[in-house]
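Comments concern the structure below.
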Amino acid sequence: MGIAGRKIYFIKKDFQFRFILRFVITTTVWAAATVSLFTIMAGKRLEEFLYSPHINIKTTSELLMPSAIHAHIISLLFFTALLAYAIRALWKKLGGPLYSLKKDITRMTSGDLVSGVALRGDEEFQDLASDLDRMRGELRDRFVRLKEREDALSAAVSTLDRAGLTELRRGLVLGMFPEGTRTGRPGLSPGEPGTALLALRTGAAIVPVGIWGTEGIKLPANLFKRTNVHLQFGKPYRLQKPQRITKQAVMDATDTIMRSVAVARTTASRFTWRKWS
């Protein structure tokens with residue numbers, strides 16, 4: 001989005017107009033006060049010299065410069081006090097909503113996406129608060145959808161796990177790809193723990209199968225192209241079941257399975273194997 005399309009939160013036209021108007025009024029009052037003070041003080045000084053029998057003033061600046069300096073000092077003090085009051089009033093008007101927004105953002109970052117973001121009707125930054133609240137609502141909806149998908153995926157994995165255990169305990173054959181995905185490149189990737197976990201729970205025999213040639217298949221370009229895919233079956237074996245199935249035991253069993261798959265491949269130079277971690 002370009003600069004022209006960005007929303008301007010901190011410089012709204014109404015707020016900007018009021019700020020400039022106050023600045024112009026303050027500057028005008030300062031200038032008027034300075035001129036008025038100078039006029040009054042210069043008039044009094046002229047009256048003093050008008051009725052004085054001794055006049056030692058040689059230039060106009062010598063006559064009016066003290067009055068000008070005094071007038072500027074007094075008006076500067078007045079303007080400083082007025083400016084301090086304006087800054088305090090501005091901070092009081094903006095500090096409250098900014099502090100409220102800061103608390104709301106802190107609450108959102110800590111994980112609370114239920115409580116809304118809102119300001120009082122007469123406070124500034126209403127647009128910013130409204131957009132933050134809409135963002136909070138969208139984030140909450142997305143997290144709810146993710147949680148629903150996570151629950152559905154967990155249920156599907158649990159169902160598949162139970163189905164796999166049932167089939168293996170019945171003595172049937174279950175084919176699994178321990179890597180869990182297709183990499184699109186030669187060699188083996190780190191194995192996932194699911195295959196090892198089922199084998200440790202059921203004590204089923206494992207027949208390693210080395211496959212190569214599928215890494216050259218690119219769909220849909222190779223959909224109607226003949227491709228040679230090779231399968232090499234290794235020697236069946238069973239994993240040594242530990243006294244207690246721990247995470248380390250599953251990791252070690254996964255490494256054993258991936259090594260047996262690597263050995264099942266006919267040419268050692270055609271594969272690379274990385275340890276599961």
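The values are calculated or read from the model by the stated rules, or taken from the named source; none is laboratory data. Note that the coordinates shown come from a computational prediction; the quantities given were computed from them, not determined experimentally. Because the Cβ atoms are built from the backbone with ideal geometry, glycine has one as well, and the counts that use them run over all protein chains shown.
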Study note, to complete from the structure: Among Arg134, Arg145, the single one that is surrounded by 11 or more Cβ atoms within 10 Å (Cβ to Cβ), assigned to a helix (DSSP H, G or I) and not acidic (Asp, Glu) is Arg134
Practice item. May I ask you to list pairs of residues, at least six apart or on different chains, whose Cβ atoms are under 7 Å apart, with the first in the stretch 235-256 being without any contact (Cβ under 8 Å) to a residue 40 or more places away in the chain and closer than 27 Å to Gly210 by Cβ and the second being assigned to a loop (DSSP other than H, G, I, E, B) and among the β-branched types (Val, Ile, Thr)? Key: Pro236/Val207
Exercise for review: Restrict the check to the stretch 105-112 and report whether at least one residue is surrounded by 14 or more Cβ atoms within 10 Å (Cβ to Cβ), not in a helix (DSSP H, G or I) and not assigned by TED's automatic domain parsing to the domain that holds Pro193.
Suggested key: no
Practice item. From (1) modelled with pLDDT of 80 or more; (2) exposed (fewer than 11 other Cβ atoms within 10 Å of the Cβ); (3) closer than 26 Å to Leu21 by Cβ, pick out the condition that doesn't hold for Leu119. Key: (2)
Check your understanding: Scanning for something in the same structural domain as Glu123 (by TED's automatic domain parsing), outside any loop (DSSP other than H, G, I, E, B), at pLDDT below 70 and of a type in the set (Gly, Ala, Ser), does the stretch 51-70 turn up at least one residue?
Key -> yes
Practice item. Hey, could you check the stretch 224-277 for residues that are surrounded by fewer than 16 Cβ atoms within 10 Å (Cβ to Cβ) and among the aromatic types (Phe, Trp, Tyr) and say which is modelled with the highest pLDDT? Key: Tyr237
Check your understanding: What is the one condition in (1) outside the structural domain of Arg259 (by TED's automatic domain parsing); (2) touching an Asp or Glu at 6+ places or on another chain (Cβ under 8 Å); (3) of a type outside the set (A, V, I, L, M) that Glu192 does not satisfy?
Key -> (1)
